[in-house]
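Reviewing the structure listed below.
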Amino acid sequence: MLQKEFARRDILKLGLVAGGAVLLSGCEIAINMDLSASQLRSPDASNSKMIELVRYATLAANGHNTQPWMFKLIGETIEIHPDTSRHLAVVDPHDREQWISLGCALENLVIAAGATGFTSEIVYPDDKQEYITVNLKSDTPAISSLFDAIPVRQSTRSEYRNEKLSNQLLDQVHSVSTEHGVMLKFIEDITETERIIEYLNAGNIKQYADKAFVDELIFWLRFNEKEAMSSMDGLYTKCTGNPTVPRWLGEMFVSGTKPQKQAEADAKKLRSSSESVVFATENDTPEAWVRCGQVFERLSLQLTSLDLKSALLNQPIEIPELRGQFQTAIGLGENQPQLLMRYGVANDMPFSMRRPVDEVLI
């Protein structure tokens with residue numbers, strides 16, 4: 001779920017040079033894109049209940065906005081399958097983050113099902129079943145603040161306002177329920193934060209020195225509205241607070257990113273956050289990863305309901321040689337680190353795009 005960003009000051013210079021000639025047409029596309037993003041997040045009365053549940057599921061957080069899922073509808077059963085064509089070979093070679101993304105979609109689906117009037121029975125992936133099954137049974141609708149948060153949740157990858165949260169807010173954040181085998185370690189101490197930044201820096205430097213990683217990142221970046229509207233997926237640069245530019249210019253800039261500069265930018269973002277939290281699991285299996293995704297999405301929605309923003313910085317976990325060191329350094333014991341989330345107070349950013357439901361149905 002790594003979502004990299006540009007150095008804002010440098011790309012602004014490039015954007016000013018390239019952007020003037022296409023300003024008017026770009027504004028028109030941007031308006032259409034904002035409208036499309038809003039429509040995808042709004043209830044559609046023409047959809048069946050099952051289709052609407054899938055639509056809510058597709059609004060979940062996911063790595064590189066690859067949307068690596070497919071859904072199969074069988075009566076009142078919904079299967080969530082990994083879409084192997086959207087595999088991130090470099091950053092996620094073992095599909096760990098892909099299964100976490102499917103867990104996020106599962107959580108949205110279960111919450112939306114509850115609000116629609118269903119209880120959910122979940123069958124997790126194992127050696128015999130390489131997908132998730134959700135069996136739905138009619139019940140009394142139970143709308144919650146988490147359901148209301150689904151359409152407005154976003155990964156906010158800008159700097160935050162470095163505001164200290166009240167004890168009341170922190171209690172609500174820290175009280176999020178978990179799943180079997182999933183633990184949360186909240187990072188509140190400055191010393192612990194700086195220790196994490198050491199590994200964050202090391203991960204950034206390692207990844208940005210790897211041409212294959214940079215090439216994969218560029219493949220999933222959408223440098224302007226036209227690209228984002230065409231693909232309906234990927235990391236739209238405007239969602240990170242950066243200007244839109246032609247692809248050739250964006251590729252040139254990203255491929256020339258200095259690893260240390262990226263490390264410094266992400267360290268600044270972590271320091272600007274109110275707190276951070278590490279998600280860890282007892283096991284390192286698809287079921288554990290799915291459950292971790294559920295808890296991550298649950299906390300993301302809880303934060304959204306409290307008008308707080310969040311984003312991931314997973315570099316210390318995505319580098320195999322750093323992951324074990326990171327696990328020991330922050331005192332996770334035998335638990336495997338899966339995600340590093342930061343959260344705090346920040347402005348809204350544009351929404352990322354989502355593919356229409358008919359494109360994710362088997």
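Bear in mind that the values in this text are calculations on the coordinates, not laboratory data. Since this is a predicted model, take the numbers as computed values, not measurements. Using ideal geometry, Cβ is built from the backbone for each residue, glycine included, and neighbour counts are taken over all protein chains shown.
Summary table below
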read-out	value
Cα-centre dipole for the chain with unit charges at Cβ (Lys and Arg positive, Asp and Glu negative), debye to 20	1120 debye
Axial C-alpha extent at least 18 Å, average Kyte-Doolittle at least -1.0 - helices from the chain (DSSP)	23-40, 96-116, 190-208, 286-305
Förster radius 41 Å - calculated FRET efficiency between Q129 and K258, Cβ distance, rounded to 0.05	0.35
Backbone N under 20 Å from the L361 label point (7 Å along Cα→Cβ), restricted to segment 134-151	134-137
Sequence-separation-based contact order of segment 47-152, relative, with Cα cut under 8 Å and 6+ spacing, percent	29 percent
Cβ crowding within 10 Å averaged over residues, with 298-304, 249-255 ranked highest first	298-304, 249-255
Entries of K49/K238; K211/K261; K238/K268; K206/K268; K49/K72 with Cα pairs more than 25 Å apart	K49/K238
Proximal aspartates and glutamates to K269, defined as alpha-carbon separation beneath 18 angstrom and excluding residues fewer than eight positions away on the same chain	E5, D10, E159, E163, E188, D189, E192, E194, E198, D348
Rg over Rh, two decimals, segment 47-152 (C-alpha only, Kirkwood Rh)	0.97
Dipole-positive endmost among T328, S42, I317 within the chain (Cβ charges, Cα centre)	S42
Per-pair calculated FRET efficiency, R0 = 22 Å: D139 and T178 via Cβ, rounded to 0.05	0.45
DSSP-defined antiparallel bridges as percent of all bridges, the chain, nearest 5	90 percent
Euclidean distance between Cα centres, segment 47-116 to segment 244-279, Å	27 Å
Cut-off 15 Å, label 7 Å out along Cα→Cβ of N167, residues of segment 259-275 by amide N	none
At 0.692 mPa s and 37 °C, Stokes diffusion of the chain via Kirkwood alpha-carbon radius, µm² per second	158 µm²/s
Shape category assigned to segment 197-323 from the gyration tensor of Cα positions, a/c cut at 1.5	prolate
Solution diffusion estimate, µm²/s, Stokes-Einstein, segment 132-241, Kirkwood Rh from C-alpha pairs, 4 °C, viscosity 1.567 mPa s	69 µm²/s
Net charge contributed by nearby residues that have their C-beta within less than 14 Å of F296 (K/R +1, D/E -1)	+2
